[in-house]
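This report concerns only the one structure given below.
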Amino acid sequence: MSLRKPTLFQGVATALITPFRDGMLDRAALCRLIEGQIEGGAAAILVAGTTGEGSTLSFAEHGEVIEAARDCIRNRVPLLAGCGSNCTDRAVELAKIACRSGADGLLAVTPYYNKGTDSGILKHFQAIAEASSKPVMVYSVPSRTGVALRMRHYRELAKLENVVGVKEASGDLSLLGELCAECGDRLDIYTGNDDNTVLAMRLGAKGVVSVCSNVAPKGMSEICRLCAAGEWKRAAERAGRLRPLIDGLFREVNPVPVKYLAHLMGYCENEYRLPLTSPTRETQRLLRELLTAEVR
């Protein structure tokens, strides 16, 4: 039976940080974060992605994070889960774990480091899609992976019935516009860059998978709401007010600044997994300055 391609969400999906305490998942902190997201208007929550330090999680922890998030969300918004790896077998196993653990959809990044040929990249995503009982979004973020999906890839990926969307985080708005125009009837397009949200939605994207919304869900949700209503000027003005925060959150490698700011706001411990460490003193100072009523 053919699987109808669903729309997983419209608006903001928060790429959630993973809170740790003494090296373990901090379930209480995870629920605090999730409640803040839902109260702030997030349309979906993504766990175990890049921002969630997913590549540092064991198979068991991967399932634990998803199950804990599922229990906190209680079907109020869709739960998405990362299943990225540069090893296709590992990515397939992560996809199966995510489906068993209660995810409503998966996010699969391009295979990094060993990269893969065009054929290999497509077969990688096909293997994940075939292994998953849930809809799959593909994710292109060449600044991290060294691999950029191009239109030749997207045309083929759109043919896979279980691939329903794209998180396009290359920052190439020309590509995003072409993608929306050519594949938008078969794939839901989202930007992965907070600072491109208004432009991306004007080109046809359905929303953003956001880092900033970890600490400013109301602001990011409002931007998407204004865009959906066609109020582009007001959306741009609102985005402009958040721009200093967005810039600050990417002063160092994500998720270091956003987790530190969430810590300052009382959501979680300032704990990372190596090779990530606490931000520099200068970045800490800047983030403290950004901790204003606007951020909250």
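May I ask you to list the residues in the stretch 236-259 that are in contact with a Leu (Cβ under 6 Å, 6 or more places away or on another chain) and either farther than 20 Å from residue 169 by Cα or of a type outside the set (A, V, I, L, M, F, W, C) (or both)?
Selection gives 248, 257.
If you check 192, 165, which single one turns out to be small (Gly, Ala, Ser), on the phi < 0 side of the Ramachandran plot, in contact with a Lys or Arg (Cβ under 6 Å, 6 or more places away or on another chain) and modelled with pLDDT of 95 or more?
192
Based on what the data block shows, is residue 94 of a type outside the set (Lys, Arg) and closer than 28 Å to residue 263 by Cβ?
So residue 94 passes the test.
Can you tell me which residues in the stretch 265-279 are surrounded by fewer than 18 Cβ atoms within 10 Å (Cβ to Cβ) and acidic (Asp, Glu)?
Within the stretch 265-279, 269 is the sole residue that qualifies.
Is it the case that some residue within the stretch 236-251 is under 25 Å from residue 24 (Cβ atoms) and without any contact (Cβ under 8 Å) to a residue 12 or more places away in the chain?
no
Got a number for residues in the stretch 218-274 being polar (S, T, N, Q) and farther than 18 Å from residue 12 by Cβ?
The number of residues fulfilling the criteria is 1.
Conditions tested, residue by residue: (1) within 16 Å of the chain's Cα centre (by Cα); (2) at pLDDT 95 or above; (3) more than 22 Å from residue 110 (Cα to Cα).
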residue	(1), (2), (3)
182	no, yes, no
188	yes, yes, no
198	no, yes, yes
242	no, yes, yes
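Any chance you could count how many residues in the stretch 280-291 are exposed (fewer than 14 other Cβ atoms within 10 Å of the Cβ) and touching a helix residue (DSSP H, G or I) at 6+ places or on another chain (Cβ under 7 Å)?
1
Could you tell me which of the residues 279, 275, 257, 217 is free of Cβ contacts under 8 Å to residues at least 12 places away in the same chain and under 19 Å from residue 17 (Cβ atoms)?
275
Look at the stretch 114-142 and say how many of its residues are among the polar types (S, T, N, Q) and not in a loop (DSSP other than H, G, I, E, B).
3
Identify, please: which residue in the stretch 67-102 is under 14 Å from the mean Cα position of the chain (by Cα) and at pLDDT 95 or above and is, among those, farthest from residue 23 (Cα to Cα)?
Per the stated criteria, the residue is 78.
How about the stretch 1-113: which helices (runs of 4 or more DSSP H) wholly inside it have at least 3 residues that are free of Cβ contacts under 8 Å to residues at least 60 places away in the same chain and either open to solvent by less than 20 Å² (accessible area, probe 1.4 Å) or in contact with a Gly (Cβ under 6 Å, 6 or more places away or on another chain) (or both)?
Output list reads 59-73, 88-101.
Of the residues 115, 134, which is touching a helix residue (DSSP H, G or I) at 6+ places or on another chain (Cβ under 6 Å) and basic (Lys, Arg)?
134
The values are calculated or read from the model by the stated rules, or taken from the named source; none is laboratory data. Predicted model, so just to flag it, every value in this text is computed and none were measured. Note that we place each Cβ from the backbone using ideal geometry, even for glycine, and neighbour counts take in every protein chain shown. These accessible areas exclude ligands, DNA and RNA; they are computed on the full protein's heavy atoms, side chains included. Shrake-Rupley method; radii C 1.70, N 1.55, O 1.52, S 1.80 Å.
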